[in-house]
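Read through the structure below, which is laid out as structure tokens, and then see the notes.
Here, each number is a calculation from the coordinates, and none is a lab measurement. What you see is a predicted model, and the numbers here were worked out from it, not measured in a lab. So basically every Cβ, Gly included, is an ideal-geometry build from the backbone, and we count neighbours across all protein chains shown.
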Amino acid sequence: MVTLLYGDDQVSLREYLGKLKEDYKDWEVLNIDLSLAKEEEVQQALNSSPLIACGRLVILENWFSQKSRKPNLSQIDKNVSVIILERSRVTASQIKNLPPGTKVFLFREDPVVFRFLDSVFTGNKRKAFYLYSRTLAKRIEPEMLYYLLVSHFRRILIAKESGSAALTQIENLASWQIEKYKSLATRFDKEKLVAYYKRLLDLEQASKTGSDLTLLLPFLILELTQNHNTV
């Protein structure tokens, strides 16, 4: 059996993945990044039965990446089930190329969240905080917002440093998304953008040591949006 989980709402997606794993609690579970794994490793995972467990659950990430060598899922071992995870948008034609009978689950985030993300740049403090308050009204978890901010700024940084080709290969973005991130990248100085991204990563470490993301995020948003030329 093959299942596709995709969409912008990665928190809900991961929660659902956790529930699916509970259904396979007596199975062997393998996580494979297709953009990094060797072909022999993938074939071994899909075409052999586990020695001890009653079955094997293979979780494949980056299936739609241009760097991935896609295995033939129509000929996997009868004791193997596959879950494909995708962080970005998946087109109808891409879904049609998956094996017949593939179960497809879309996890879509509220549009106001993405309006908020696109508003986070220097000098746009008022609008960013207005959209931030609207996002909080949607009861979006702070962990979700943090994840989306990291992903958002990573893509802006890739657009700034490497351009369209890298966004296509690494992030598997649609053409309209690529143009959006290229436009956003023009709003940032490269050195400041790198510094902002590092600050975001530092925030994760702070949250792991007991700091509350609900309290930390507003200060970070202020830092990212305030006009540094003003006194």
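Miscellaneous remarks
- Compared with the dominant Cα axis of the chain, that is its longest principal axis, helix 213-225 is turned about 60°.
- The range 29-134: relative contact order as a whole-number percent, Cα under 8 Å and 6+ apart: 23 percent
- Look at the Cα gyration tensor of the range 2-106: its axes a ≥ b ≥ c give a/c of at least 1.5 with a/b at or below b/c, and that counts as oblate.
- Normalised Debye scattering of the chain at q = 0.08, 0.12, 0.14, 0.18 Å⁻¹ gives log10 I(q)/I(0) of -0.36, -0.76, -0.98, -1.35, counting only Cα atoms as equal scatterers and leaving out solvent.
- For D33, residues with placed amide H under 5 Å, excluding near neighbours: E61
- Positive minus negative residues near K180 (Lys, Arg vs Asp, Glu; Cβ under 10 Å): 0
- The string of couplings for the range 44-56 from the Karplus curve (6.51, -1.76, 1.60, θ = phi - 60°) is 5, 5, 8, 10, 9, 8, x, 6, 10, 5, 7, x, 10 Hz, one whole number per residue in order, with x for Gly and Pro.
- Least to most buried among E61, E143 (fewest other Cβ within 10 Å first): E143, E61
- Between helix 190-208 and the chain: long-axis angle, C-alpha atoms, 0 to 90°, nearest 10: 70 degrees
- Along the range 79-90 the Karplus relation, 6.51 cos²θ - 1.76 cosθ + 1.60 evaluated at θ = phi - 60°, assigns HN-Hα couplings of 9, 10, 10, 10, 10, 9, 10, 9, 7, 10, 5, 10 Hz to successive residues, with x for each Gly and Pro.
- Considering only alpha-carbon pairs that sit under 8 angstrom and 6 or more positions apart, the relative contact order computed for the chain is 23 percent.
- Under Karplus coefficients 6.51, -1.76 and 1.60, residue-wise ³J(HN,Hα) of the range 70-76 in Hz, glycine/proline x: 7, x, 7, 7, 7, 10, 7
- Degrees separating the helix 125-137 axis from the principal Cα axis of the chain, which is the longest one: 40 degrees
- Under 12 Å, Cβ to Cβ, from V90 - net charge with Lys/Arg +1 and Asp/Glu -1: +2
- Taking amide H as placed 1.01 Å from N in the peptide plane, L4 has its amide H under 5 Å from the amide H of I84, K103, V104, F105, each at least 5 places away in sequence or on another chain.
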